[in-house]
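The values are calculated or read from the model by the stated rules, or taken from the named source; none is laboratory data. All figures in this text were calculated on a predicted structure; none of them were measured in a lab. Quick reminder, even Gly has a Cβ in these numbers, built from the backbone with ideal geometry, and neighbours come from all protein chains shown.
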Amino acid sequence: VHLEEDRCIVVMKGAPEKVLERCNKIYLNNEVKEFNPKLRSMCDRACLELAGKGERVLGFADHILNESFTRGYRFTVDPEPNFPTDGLRFLGFISMIDPPRPQVNEAVRKCRSAGIKIIMVTGDHPVTAKAIAQDVGIITKETLELANFEQLSPVQADKAIVISGSTLRELTNQELQGVLFNYKEIVFARTSPAQKLQIVEGCQKIGHIGDVL
């Protein structure tokens, strides 16, 4: 929350899909417009296009609070925000290129030649994660991207797989271990720190000795 002259403004930045779902307006061509399905679809496509280039994308939104939120108002987010965090105005995206280090491709190649299985675990958007994984050689096969676990089939285990944190939450430990055992090229995206630990423990349960870099 920022104080600007005599008014307070909520400013939000973060994962584009999380920011977009909190917006019902958009600032476009110097006008505030209703964030209708057509404009939302346009924003989704723009985000995916940027992510598909391996760029990390942030969404930005704001909301001008009414006069009941004054300079002396005690804002807090614990345990829940005591100010509006929905009904925001979408402002746009910023995308950043954070290229892998030059030595990553060679390190991946050496690991593969030594028979080491590489699993990529990241907080990035699944599309961004896939593009980076392909760029450095972690993904070399046709990729299966799961919207939910029901789409998974044993006959697809010859493909690479990208699993988002939301899909990972639906898996039992046994199902996760099955993915880790059967798929040779795996990328986990939009994962939380707790999920990263869950993945490492899953690898240990199937007898793998892992290292985290």
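Miscellaneous remarks
- Some residue of the stretch 53-61 being in a strand (DSSP E or B), in contact with a Lys or Arg (Cβ under 7 Å, 6 or more places away or on another chain) and touching a residue at least 60 places away in the same chain (Cβ under 8 Å): no
- Residue in the stretch 22-52 that is surrounded by the most Cβ atoms within 10 Å (Cβ to Cβ), counting only those that are within 25 Å of THR122 (Cβ to Cβ) and out of contact with any strand residue (DSSP E or B) (no Cβ under 8 Å at 6 or more places or on another chain): LEU48
- For LEU88: the one exception among (1) at pLDDT below 95; (2) under 20 Å from PRO16 (Cβ atoms); (3) out of contact with any Leu (no Cβ under 9 Å at 6 or more places or on another chain): (1)
- Test set (1) assigned by TED's automatic domain parsing to the domain that holds ILE163; (2) closer than 28 Å to ALA194 by Cα; (3) exposed (fewer than 14 other Cβ atoms within 10 Å of the Cβ); (4) small (Gly, Ala, Ser) - ALA114 fails condition number: (2)
- Enumeration of residues in the stretch 77-111 that are of a type outside the set (D, E, K, R) and exposed (fewer than 10 other Cβ atoms within 10 Å of the Cβ): PRO79, MET96, ILE97, PRO102, GLN103
- Among residues of the stretch 11-36 that are in the same structural domain as GLY87 (by TED's automatic domain parsing) and without any contact (Cβ under 8 Å) to a residue 40 or more places away in the chain, those with a Cβ under 9 angstrom from a residue that is among the basic types (Lys, Arg) and in a strand (DSSP E or B), sequence gap 6+ or separate chain, pair up as LYS33/LYS25; GLU34/LYS25.
Here is a yes/no grid of residues against (1) in a helix (DSSP H, G or I); (2) of a type in the set (Gly, Ala, Ser); (3) without any contact (Cβ under 8 Å) to a residue 60 or more places away in the chain; (4) out of contact with any Ser or Thr (no Cβ under 8 Å at 6 or more places or on another chain):
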site	(1), (2), (3), (4)
LEU176	yes, no, yes, yes
LYS184	no, no, no, yes
ILE199	yes, no, no, no
GLN204	yes, no, yes, yes
HIS208	no, no, no, yes
ASP211	no, no, yes, yes
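- Residues within the stretch 6-21 that are aliphatic (A, V, I, L, M), over 24 Å from GLU55 (Cβ atoms) and buried (at least 16 other Cβ atoms within 10 Å of the Cβ), tallied: 1
- Residue selected from the stretch 59-76 under the condition exposed (fewer than 15 other Cβ atoms within 10 Å of the Cβ) and of a type in the set (A, V, I, L, M, F, W, C), by the criterion modelled with the lowest pLDDT: PHE75
- Residue under evaluation ALA160, criteria (1) modelled with pLDDT under 90; (2) surrounded by fewer than 19 Cβ atoms within 10 Å (Cβ to Cβ), criterion not met: (2)
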